[in-house]
Structures are given as structure tokens and as C-alpha cells.
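The values are calculated or read from the model by the stated rules, or taken from the named source; none is laboratory data. All figures in this text were calculated on a predicted structure; none of them were measured in a lab. Neighbour counts run over all protein chains shown; Cβ positions are idealised from the backbone, glycine included.
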Amino acid sequence: MKSKNKPSLVIIGVGNILCSDEGVGVHIVNELKRMILPSYVAIFDCGTSGIAVLEAMDNAHKAIIIDAVYSGGEPGTVCLYTMDDMLQMEDKLLAFISLHQFDLISTLKLANLTNAYKMPHEIVLIGIEVKSLDCSLSLSNEVKKSFPKVIDAIMREIKKFGKFLDTG
């Protein structure tokens, strides 16, 4: 995926759509694909593949990752985490329980150690608190109701990045 023409901002949805709310990141990026976004934005459905996440982020300036989180909070709660936040919470792995084939924090650390990928200057995780991890293609009502908040958070990040591009 290494390309000089790659958009500067990548939005990456991750998750397992076979496990109800665990697939929320994929469902969100599918919603975004129906929207008109600035030309500097690219959208990726990376499912459960850590390598796909790294390839999607390679050479981007900023990455927004959308994923399910389980921290014991109210289902449907939307939280934004910076890379520093994620690293500080590393010991509290319950905040990032995942059914993916990869652990996001370990994958990002490995990418930084190997230098196989040029990681973005800024990585943001938009996490949606799950209710159900049952074997189902359907999302819980609480998670479905969070979509407008998630989309708003993504649009704020896109707008903030657009201002960065205008001044840079």
C-alpha cells in the first residue's frame, strides 16, 4: 500500500462483524463510505487484520481508528483516545478487550520497533462501549444509537486536520 499519493488522513474501521457490537468499527466505516468527505481522507475496513491496519496507516499523516471497547462503561458510550492515552492504559487491558487477531497497542508498538511501516504523526482511537459480543450480525440498540455521536467525533477530527493542512 505504499503510495506517495495516499491521502493524509485515514479512517480505519476494525472489528469482527460476526460478534455483534464487536463489529461496530466496520459498520461505522461503511456508513462513512456513503458520505462525501474531503479528498485527503481515505476509508479502510480492516476487519480483524493487524497487518491491514498497519498497511492502511502507512505513510498517512493522521489515523482515526474506530473500534469496540469494553471498559465496563455504559453501552454505546463514545470515547476518544490519543496514542498516549492508549499507552497509559496498556496495563488496563480490559479497556481494549478484542476478538481481533491483533491487540491494537501491541501492533502499533511492533510497527514502531520494526520501522517496516511509516506510522502517522497522530493516531486517534474512537472507541464505542459494547453491550453484546454474542454471535450475531446485528448491533445492539445502544451501539446503533451511538452512530451520530461517533460520526460527529470523526467529523470534528477531519475538520481539525483540515485546519492543520490549511496552516501547514
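Does residue 125 fit the bill of being in a strand (DSSP E or B), at pLDDT below 95 and either crowded, with 17+ Cβ neighbours inside 10 Å or under 14 Å from the mean Cα position of the chain (by Cα) (or both)? For residue 125, the condition - in a strand (DSSP E or B), at pLDDT below 95 and either crowded, with 17+ Cβ neighbours inside 10 Å or under 14 Å from the mean Cα position of the chain (by Cα) (or both) - is met.
Residue 133 meets the stated requirement of being among the aliphatic types (A, V, I, L, M) and at pLDDT below 95. For region 42-82, enumerate the residues that are without any contact (Cβ under 8 Å) to a residue 40 or more places away in the chain and in a loop (DSSP other than H, G, I, E, B). Answer for region 42-82, where residues must be without any contact (Cβ under 8 Å) to a residue 40 or more places away in the chain and in a loop (DSSP other than H, G, I, E, B): just 72. When region 40-80 is filtered for residues that are at pLDDT below 90 and under 10 Å from the mean Cα position of the chain (by Cα), nothing remains.
Taking region 10-41 as the search range and keeping residues that are in a loop (DSSP other than H, G, I, E, B) and small (Gly, Ala, Ser), which one is nearest to residue 115 (Cα to Cα)? If we take residues in region 10-41 being in a loop (DSSP other than H, G, I, E, B) and small (Gly, Ala, Ser), then 15 is nearest to residue 115 (Cα to Cα). The condition of being modelled with pLDDT of 95 or more and over 29 Å from residue 136 (Cα atoms) does not hold for residue 87. Of the listed requirements (1) under 14 Å from residue 86 (Cβ atoms); (2) among the hydrophobic types (A, V, I, L, M, F, W, C); (3) not in a strand (DSSP E or B), residue 153 misses just one: (1).
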